[in-house]
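> Encoded as structure tokens, here's the structure I'll be asking about.
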Amino acid sequence: MAKLLKQTALFVPLLLLMGCQEDIRSPLKVDMLNSDGDSLGTAELSEQADGVQVKLSLEGLEPGYHGIHVHEFPKCDGPDFTSAGSHLNPEGKDHGLMHPEGAHLGDLPNVEVAEDGVAEAELTLSGATLTDGKNSLLKEDGTSLVLHESQDDGVSQPAGESGARIACGKIQIEQQSEAGQSPTDPTEDNQEKEQE
């Protein structure tokens, strides 16, 4: 009995610590920057039962549809953001949400930017997680979220003919501790005006 109590005493703090770790990871705020390093807004990632919800609040973009994907590395070196690597694809599938042999884990639906250059969207990254595991967006050092200049056609290889990478944000836990040093978020001004 004493052995059981001792094991329980060790297990409960570990369980609480694991629960706290998950709370730190979700929601996770990602600053989206253009090639000049200016903030275009944010993406908020939240753990859901079926994947990771990505809530976008961006501005200063060209109107129309834009491809958006999670990429392999938490690197956003401008001006082209190629440092982010390829799409996150731990299963080795073909690119495209409409491809019969797809999709990459990092493939997301296109984002529609309104005529005023603002994009407000909620997307789901099915099968992804902010916890540990093969499909974690926070594995190793993390990943990145990349917005493209054109619409993703959902089937072309390797990236849906979505054009140049125009914005990037690092998906990593360390970013949370640097939140005070992030560029200002221009979409906060819009929210304040709407509330007035």
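> Could you identify the single residue in Gly154, Gly169, Gly133 that is outside any strand (DSSP E or B) and at pLDDT 85 or above? Quick ask: steps written out before the conclusion?
Details: Gly154 fails: at pLDDT 85 or above; Gly169 fails: outside any strand (DSSP E or B).
Just a single option satisfies the conditions, and that option is Gly133.
> Inspect region 1-16 for any residue being surrounded by fewer than 16 Cβ atoms within 10 Å (Cβ to Cβ), at pLDDT below 85 and closer than 19 Å to Gly133 by Cβ and give the result as yes or no.
Pass one, region 1-16, residues surrounded by fewer than 16 Cβ atoms within 10 Å (Cβ to Cβ): 1-16.
Subsequent filtering for residues that are at pLDDT below 85 retains 1-16.
Right, trim to closer than 19 Å to Gly133 by Cβ and you get 14-15.
Yes, because at least one residue in region 1-16 is surrounded by fewer than 16 Cβ atoms within 10 Å (Cβ to Cβ), at pLDDT below 85 and closer than 19 Å to Gly133 by Cβ.
> While we're looking at this one, here's another question. Which residue, of His69, His104, is assigned to a strand (DSSP E or B) and of a type outside the set (Asp, Glu)?
Selected residue: His69, the only one of His69, His104 that is assigned to a strand (DSSP E or B) and of a type outside the set (Asp, Glu).
> Tally up the residues in region 30-47 that are more than 14 Å from Leu147 (Cβ to Cβ) and outside any strand (DSSP E or B), please. Steps first, answer last, please.
Quick first cut of region 30-47, residues more than 14 Å from Leu147 (Cβ to Cβ) only: 36-37, 44-47.
Pick out the ones that are also outside any strand (DSSP E or B) and you get 36-37.
Residues meeting the conditions: 2.
> Does region 48-63 contain any residue that is without any contact (Cβ under 8 Å) to a residue 40 or more places away in the chain and either of a type in the set (A, V, I, L, M, F, W, C) or assigned to a strand (DSSP E or B) (or both)?
yes
Quick grid of which residues meet (1) out of contact with any helix residue (DSSP H, G or I) (no Cβ under 9 Å at 6 or more places or on another chain); (2) under 19 Å from Arg165 (Cβ atoms):
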residue	(1), (2)
Leu28	no, no
Asp31	no, yes
Ser39	no, yes
Ala49	yes, no
Glu62	yes, yes
Ile68	yes, yes
Lys75	no, yes
Pro79	yes, yes
Thr82	yes, yes
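> Could you grab me the full set of residues in region 125-161 that are among the polar types (S, T, N, Q) and touching a residue at least 12 places away in the same chain (Cβ under 8 Å)?
Just the residues of region 125-161 that are among the polar types (S, T, N, Q), to begin with: 126, 129, 131, 135-136, 143-144, 150-151, 156-157.
Across region 125-161, the qualifying residues are Ser126, Thr129, Thr131, Asn135, Thr143, Ser144, Ser150, Gln151, Ser156, Gln157.
> Quick check on my filter: what residues within region 52-92 are buried (at least 18 other Cβ atoms within 10 Å of the Cβ), over 23 Å from Ser136 (Cα atoms) and among the charged types (D, E, K, R)?
Across region 52-92, the qualifying residue is only Glu59.
> Only one of these is in contact with a Leu (Cβ under 9 Å, 6 or more places away or on another chain), among the charged types (D, E, K, R), in a strand (DSSP E or B) and surrounded by fewer than 17 Cβ atoms within 10 Å (Cβ to Cβ): Glu112, Glu122. Name it. Break it down into steps so the answer makes sense when it comes.
Details: Glu112 fails: in contact with a Leu (Cβ under 9 Å, 6 or more places away or on another chain).
Of the residues listed, the single one that is in contact with a Leu (Cβ under 9 Å, 6 or more places away or on another chain), among the charged types (D, E, K, R), in a strand (DSSP E or B) and surrounded by fewer than 17 Cβ atoms within 10 Å (Cβ to Cβ) is Glu122.
The values are calculated or read from the model by the stated rules, or taken from the named source; none is laboratory data. None of the values given here were measured: they were computed from a predicted structure. In this analysis, Cβ positions are derived from the backbone assuming ideal geometry, glycine residues included, and neighbour counts consider all displayed protein chains.
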